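Below: one structure, written as structure tokens.
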Amino acid sequence: MFAKGLCFYKLFCIFVLGALAGDIIETIYCKIISGQWQNRSSFIYGHFSVVWGLAFVIATIMFYNAQDYSMMTIFFPF
């Protein structure tokens, strides 16, 4: 497996990419819905959203820990 395991550097990269992608997607969505450009970033400098970054990191950790489970167990745990 390529780059097996999680470390701070990998989670930080996922955070930055998720924060950037989330901010861009949310900005475009708000432009379509409201018809005007809105700054949706949560940092002073740059287009990053902390909420999206944390969501990507949490999802990565959760799915990394569940990689040995079957797809049915992950999506239908009852």
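The values are calculated or read from the model by the stated rules, or taken from the named source; none is laboratory data. As the structure is a computational prediction, the values presented were derived from the model and not from experiment. Every residue, glycine among them, receives a Cβ derived from its backbone with ideal geometry; neighbour counts consider all protein chains shown. Accessible surface is based on the protein model in full, side chains and every heavy atom, while ligands, DNA and RNA are left aside. Shrake-Rupley method; radii C 1.70, N 1.55, O 1.52, S 1.80 Å.
Things worth noting here:
- Ala19 meets the conditions (1) in a helix (DSSP H, G or I); (2) open to solvent by 70 Å² or more (accessible area, probe 1.4 Å); (3) among the aliphatic types (A, V, I, L, M) in every case but one. The failed one is (2).
- Only residues that are part of a helix (DSSP H, G or I) and either polar (S, T, N, Q) or open to solvent by 100 Å² or more (accessible area, probe 1.4 Å) (or both) were counted across the stretch 22-39, and they come to 6.
- Those residues of the stretch 40-70 which are part of a loop (DSSP other than H, G, I, E, B), loosely packed, with under 12 Cβ neighbours inside 10 Å and modelled with pLDDT of 80 or more, in sequence order: Ser70
- Matching residues in the stretch 26-76 - criterion: being of a type outside the set (Phe, Trp, Tyr), without any contact (Cβ under 8 Å) to a residue 12 or more places away in the chain and under 30 Å from Lys4 (Cβ atoms): Ile58, Ala59, Met62, Asn65, Ala66, Gln67, Asp68, Ser70, Met71, Met72, Thr73, Ile74
- In this structure, Phe12 qualifies as open to solvent by 100 Å² or more (accessible area, probe 1.4 Å), in contact with a helix residue (DSSP H, G or I) (Cβ under 9 Å, 6 or more places away or on another chain) and part of a helix (DSSP H, G or I).
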